[in-house]
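Structure, as structure tokens:
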Amino acid sequence: MLLRVLGTAAGGGLPQWNCACPGCAGARRHPSRRRLHDSLAFHGPRPDTWFLANASPDVAEQLESHPSLRPAAGHGRTPVVRVVLTDAELDHTLGLLRLREAARIDIWCTEPVYKALTARLPLTGILSPYTTLAWHDLPAAGVGRPAEIAGLEVSTVPLSDKRPRYAADEASHPAWSSALKVRDPATGTSALYAPAIAAWSDRLDDAVAGSDCVLLDGTFLDEDEPRRTGISQRTASEMGHLPIEGPGGTAPRLRHTHAQILYTHLNNTNALGDPQARAHDRLAALGLRVAEERMVVTL
């Protein structure tokens, strides 16, 4: 199994078009700091079998950045695209509109995400003149058989009932936001992808312990970052993202895990967007690091 990191930024990317904070200003001065919206591509047993974990607004540029994700020579178009969604947030789903040239888009998601994307955002009706959308249920880990996608086994770990703003009045459900558990049956290796973590649970703890590679929520470095930088009056946790450092942060929980830990989904205010930030050294001392754009992980 191969994991290709397509993007590592939270909503708006880095830099954000409407922001001149130190992180965005630094990314404009130093293009190497730029980050696209958070997304992954998973490769199955064959080089031509892959699926996207979330479809970001940057999806076309992200696919072009990896030659193995482009249409093969002699093929005019990519006939089928497979997408697995962790939630119904705009930053993880707007890329579906940019994939409209595909002959068919197969989408795996949980029940509340499906309802949001077909009723509140009527994607099926919008895209039906361009392509066919085929919707598939995404089971929770340990409940029924995992979905078989591109030769890999995929299931979810429900994380929270955090709904996107456009569906804030929808009913509560534990699978509005989920982590993806991806296992290669040929090798037995597995990866966990959790770009948004509102609270740490025993189920998440078990999923991390049973994974070889974990890519998880690195939106905010510390709890007070949103208030300190002026983007919100709420704390990181109140915005639905456990911070990396500090009491209740994810880094102290992960210091003894055997898995390769990579933080992703960095907000533009996060100091980790600067490769020279001292926070990188603190993470390295715990055996943790930040995922880099276009990196490839082999499991």
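The values are calculated or read from the model by the stated rules, or taken from the named source; none is laboratory data. The structure presented is a predicted model; accordingly, all values stated were derived computationally and were not measured. Cβ atoms come from the backbone with ideal geometry, glycine included; neighbour counts cover every protein chain shown.
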Next on the checklist: Whether any residue in the stretch 159-182 is in contact (Cβ under 8 Å) with a residue 40 or more places away in the chain, in a strand (DSSP E or B) and farther than 22 Å from Leu6 by Cβ is what I want to check.
Outcome noted: yes
Checklist entry - Of all the residues that make up the stretch 272-283, how many are of a type in the set (A, V, I, L, M, F, W, C) and either surrounded by 20 or more Cβ atoms within 10 Å (Cβ to Cβ) or part of a strand (DSSP E or B) (or both)? => result 2
Item to check | Subset of the stretch 129-153 (residues that are under 21 Å from the mean Cα position of the chain (by Cα) and among the β-branched types (Val, Ile, Thr)) | outcome: Ile149
Item to check | Scan of the stretch 121-158 for residues that are among the small types (Gly, Ala, Ser) and assigned to a loop (DSSP other than H, G, I, E, B), ordered by number | outcome: Ser128, Ala141, Gly142, Gly144, Ala150, Gly151
Next on the checklist: Here is a list: Leu299, Leu286, Leu266, Leu272. Which entry is more than 30 Å from Thr187 (Cβ to Cβ) and among the aliphatic types (A, V, I, L, M)?
Outcome noted: Leu272
Item to check | The lone exception for Glu292 - which of (1) in contact with a helix residue (DSSP H, G or I) (Cβ under 8 Å, 6 or more places away or on another chain); (2) at pLDDT 95 or above; (3) under 22 Å from Met1 (Cα atoms); (4) assigned to a loop (DSSP other than H, G, I, E, B) it fails | outcome: (1)
Checklist entry - Of the residues that make up the stretch 144-155, is at least one of a type in the set (Lys, Arg) and either surrounded by 18 or more Cβ atoms within 10 Å (Cβ to Cβ) or under 20 Å from Leu180 (Cβ atoms) (or both)? => result yes
Item to check | Cross-chain or 6+ apart pairs with Cβ under 8 Å, the stretch 226-245 first and among the basic types (Lys, Arg), then at pLDDT 95 or above and not in a loop (DSSP other than H, G, I, E, B) | outcome: Arg234/Pro226; Arg234/Arg227
